[in-house]
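Only one structure is covered here, and it is reproduced in the block below.
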Amino acid sequence: MTSSRFATIAHDLRERIALGEFGAVGAMDSEAQLCARYAVSRPTVRRALELLRDEGLVGSRHGAGWFVTGSAFHQRLALGTFRHATSAVTDAGKTIERRIVDFGFRAAPLSLAGALAVGEGDDLLHSRSVRTVDGHGLDVVREWVPATLAGPISRDAATTPGIWQTLGRHGHRIATVRQTVTAGLASDSDAALLGIAVGDPLLLVRRVAIDEHGIPLALSDHRYLAQRFALEVEFNSGPATAASESPGLRTVAATKEKSA
């Protein structure tokens, strides 16, 4: 009972941290308060907190209790704008490190051919990498670029400054990013790269970069640790229309087409 209870408490605290309940770097409930909240003993609470400490999410100060040290990076989305995840991390005073684990050309699978406007079996440059912040996993990224555009992209360039930035530096300006967000669970491969358990929750984000002529430039799939990254969208009411039409729903549609 105790062993499963501490894991449940740790999961709840991860969610509270990801939602910003304690602030970016804020004091958490005391151990006594957590014991009362979850109706458990102090050793159970401490085991949950120590698990989060091992994940880089919390830390303790002698005589001052527990504090958030690695809250989720919140990427704000807005109509007509595009920001890389790196900007959210930089805003938090952190630096992303990328390690390429797979790099080379592959035949385009049918599932990606349409999104990149290529034929099934055409060559695509494929890169797979893991990104970390302060030594702790952030996401696993798979990126695909049509071979006709991939000439300037080396393995080193894919590491720094990155594939999308390299395309921009060689005249391929990204005008629009289409983004799809859903939920998923960590696979064996994700778990090995991110240092987590198989089946842990992930935030799955697919982004397609498109130039000013409507031509797809690149596609990236991000598998973010759910407790370390969140996407924020602000909805604004538009002009008054029929009562049955929701301003919020109109904003969602526009956001899907114009931002990432």
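With respect to the conditions (1) within 21 Å of the chain's Cα centre (by Cα); (2) modelled with pLDDT of 95 or more, SER154 lacks only one, and its number is (1). The strands (runs of 3 or more DSSP E) falling completely within the range 1-98 that include 2 or more residues that are modelled with pLDDT of 85 or more map to 58-61, 65-68. Does LEU116 meet the test of being assigned to a loop (DSSP other than H, G, I, E, B), in contact with an Asp or Glu (Cβ under 9 Å, 6 or more places away or on another chain), surrounded by 19 or more Cβ atoms within 10 Å (Cβ to Cβ) and in contact (Cβ under 8 Å) with a residue 12 or more places away in the chain? So LEU116 fits the description; yes. Whether any residue in the range 196-203 is under 16 Å from ARG14 (Cα atoms) and either among the polar types (S, T, N, Q) or crowded, with 21+ Cβ neighbours inside 10 Å (or both) is what I want to check. There is at least one residue in the range 196-203 that is under 16 Å from ARG14 (Cα atoms) and either among the polar types (S, T, N, Q) or crowded, with 21+ Cβ neighbours inside 10 Å (or both). Here's a check for you: in the range 134-166, which residue that is closer than 17 Å to ASP211 by Cβ and of a type in the set (Val, Ile, Thr) is surrounded by the most Cβ atoms within 10 Å (Cβ to Cβ)? Per the criteria, the residue is VAL145.
The values are calculated or read from the model by the stated rules, or taken from the named source; none is laboratory data. Since we're looking at a predicted model, the values are computed, not measured. Here the Cβ is made from the backbone with ideal geometry for all residues, glycine too, and neighbour counts use every protein chain on show.
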